[in-house]
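Enquirer: Please see the structure below; I have some questions.
The values are calculated or read from the model by the stated rules, or taken from the named source; none is laboratory data. Fair warning: this is a prediction, and the values are worked out from it, not measured in the lab. Here the Cβ positions follow ideal geometry from the backbone for every residue, glycine too, while neighbour counts run over all protein chains shown. All accessible areas refer to the heavy atoms of the entire protein, side chains included, with ligands and DNA or RNA removed. Shrake-Rupley method; radii C 1.70, N 1.55, O 1.52, S 1.80 Å.
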Amino acid sequence: GENVEQHPSTLSVQEGDSAVIKCTYSDSASNYFPWYKQELGKGPQLIIDIRSNVGEKKDQRIAVTLNKTAKHFSLHITETQPEDSAVYFCAAVDRGSTLGRLYFGRGTQLTVWP
Amino acid sequence: NAGVTQTPKFRILKIGQSMTLQCTQDMNHNYMYWYRQDPGMGLKLIYYSVGAGITDKGEVPNGYNVSRSTTEDFPLRLELAAPSQTSVYFCASSWTGETQYFGPGTRLLVL
């Protein structure tokens, strides 16, 4: 099956700085890549996703980039705020063969210091 | 819509006891999932279902069982609890098999 690696495992930034989280995947057939945010004591929540026919997607302060050749994708958060502090998970899925099954990275604990 | 609801929120089990973790969704989603999340780790898929009457194993199914008799409910059964099953359990559902909506989780401690 798919194997998703996520780095770094922890990330600390000053409020207002940018944060970048990177993920690599092993299955070249994977074509859907969501990012989830998990706040303390809650379930993960989708914040942005990207499909393999797109190289970049933005939503206000959040952006995701995808490099299919290198099989890696990244989450970029600009102008970070304390409320961005959470655990972020990347995931990958091959919609063609295993539709409905996401493979998650191990997560990144982001801390934004005021 | 309440979304995905899970009960109980927290439970302590003794080794060898059994219990059922309940999961219900009111979004008419076909896809439902059970994950476990160990401290400092990511989400590992236990079982999933693509519709009523259809279930399949994920990465870590040993020690668990599921059933899907209705679209709304997807209970997870632990037959003989072991300390290794101490974890936080999340249920999720999806309409398309892409975006997954997670419940608030059940924290289980096996002593």
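Enquirer: Under 8 Å for C-alpha pairs, at least 6 residues apart: give me the relative contact order for segment B:7-111, rounded to a whole percent.
Expert: 36
Enquirer: What does the net charge come to around residue B:93 if you take all other residues with beta carbon closer than 10 Å to its beta carbon, with K and R at +1 and D and E at -1?
Expert: Local charge sum for residue B:93: -2.
Enquirer: Continuing with this model, one more query. Determine the per residue accessible area of segment B:7-87 with all protein chains present and a 1.4 angstrom probe, expressed in square angstrom.
Expert: Values: 4000 Å² over 81 residues.
Accessible surface, normalised per residue, equals 49 Å².
Enquirer: In chain A, carbon and sulfur make up what percent of the accessible area (probe 1.4 Å)?
Expert: After summing per-atom areas, the C and S share lands at 46 percent.
Enquirer: Compare the Cα positions of B:32, A:29, A:10 along the charge dipole of the protein assembly as shown (+1 at Cβ of Lys, Arg; -1 at Cβ of Asp, Glu; about the Cα centre) and return the one farthest towards the positive end.
Expert: Farthest along the dipole direction, towards plus: B:32.
Enquirer: Report the number of Lys pairs in the protein assembly as shown whose alpha-carbons are under 22 Å apart, with separation of 8 or more residues or on distinct chains.
Expert: Summing the qualifying lysine pairs gives 20.
Enquirer: Arrange the residues B:55, B:99, A:108 by how much accessible surface each exposes, largest first, with a 1.4 angstrom probe.
Expert: Of B:55, B:99, A:108, the descending order of accessible area is B:55, B:99, A:108.
Enquirer: Sticking with this one: If the viscosity is 0.890 mPa s and the temperature 25 °C, what translational diffusion coefficient in µm²/s does Stokes-Einstein give for chain B when Rh comes from Kirkwood over Cα pairs?
Expert: Reported coefficient: 178 µm²/s.
Enquirer: Just the Cα atoms of the protein assembly as shown, one point each, no solvent: what log10 I(q)/I(0) does Debye give at q = 0.11, 0.13, 0.18 Å⁻¹?
Expert: Calculated log10 I(q)/I(0) at the listed q: -0.55, -0.76, -1.32.
Enquirer: Further question on the same structure: Normalised by the number of residues in chain A, what is the relative contact order in percent for Cα pairs under 8 Å and 6+ residues apart?
Expert: On the way: 285 pairs, mean separation 42.0, N = 114.
It comes to 37 percent, rounded to a whole number.
Enquirer: If you count, for every residue in B:43-51, the Cβ atoms of partner chains within 10 Å of its Cβ, what is the mean? Show your work: numbers first, answer last.
Expert: Details: counts 12, 1, 5, 0, 0, 3, 1, 3, 0.
If you average over the peptide's residues, the count of other-chain Cβ atoms is 3.
Enquirer: Let me ask something else. How charged is the neighbourhood of residue B:102? Take every other residue with its Cβ under 13 Å from the Cβ of residue B:102, and add Lys/Arg as +1 and Asp/Glu as -1.
Expert: Net charge in that neighbourhood comes out at +2.
Enquirer: Continuing with this model, one more query. Given H placed on each backbone N at 1.01 Å, which residues far from residue A:15 in sequence or on other chains put an amide H within less than 5 Å of it?
Expert: Under 5 Å from the amide H of residue A:15 lie the amide H atoms of A:113, each far enough along the sequence or on another chain.
Enquirer: Which percent of Cα pairs goes in each bin when the distances of segment A:60-104 are cut into 10 angstrom slices starting at zero?
Expert: P(r) for segment A:60-104, in whole percents per bin: 21, 43, 29, 7.
Enquirer: Per residue of A:104-112, count partner chain C-beta atoms within 10 Å of its C-beta, then hand back the mean as an integer.
Expert: 2
Enquirer: Per residue of A:4-17, how many C-beta atoms from partner chains lie within 10 Å of its own C-beta, taken as a mean?
Expert: If you average over the peptide's residues, the count of other-chain Cβ atoms is 0.
Enquirer: Here's a follow-up. May I ask for the accessible area buried between chains B and A, both sides summed, probe 1.4 Å, to the nearest 100 Å²? Walk me through the numbers before you get to the answer.
Expert: Values: alone 5980 and 6510 Å², together 10840 Å².
That pair of chains buries around 1700 Å² in total.
Enquirer: Just add up the charged neighbours of residue A:47: K/R +1, D/E -1, any other residue whose Cβ is under 9 Å from the Cβ of residue A:47.
Expert: Summing Lys/Arg as +1 and Asp/Glu as -1 gives -1.
Enquirer: Might you work out the accessible area of residue A:26 for me, using a 1.4 Å probe with all protein chains in place, and round it to the nearest 10 Å²?
Expert: Counting only protein heavy atoms, residue A:26 exposes about 60 Å² to solvent.
Enquirer: How much of the accessible area of chain B, probe 1.4 Å, is carbon plus sulfur, in whole percent?
Expert: C and S atoms contribute 52 percent here.
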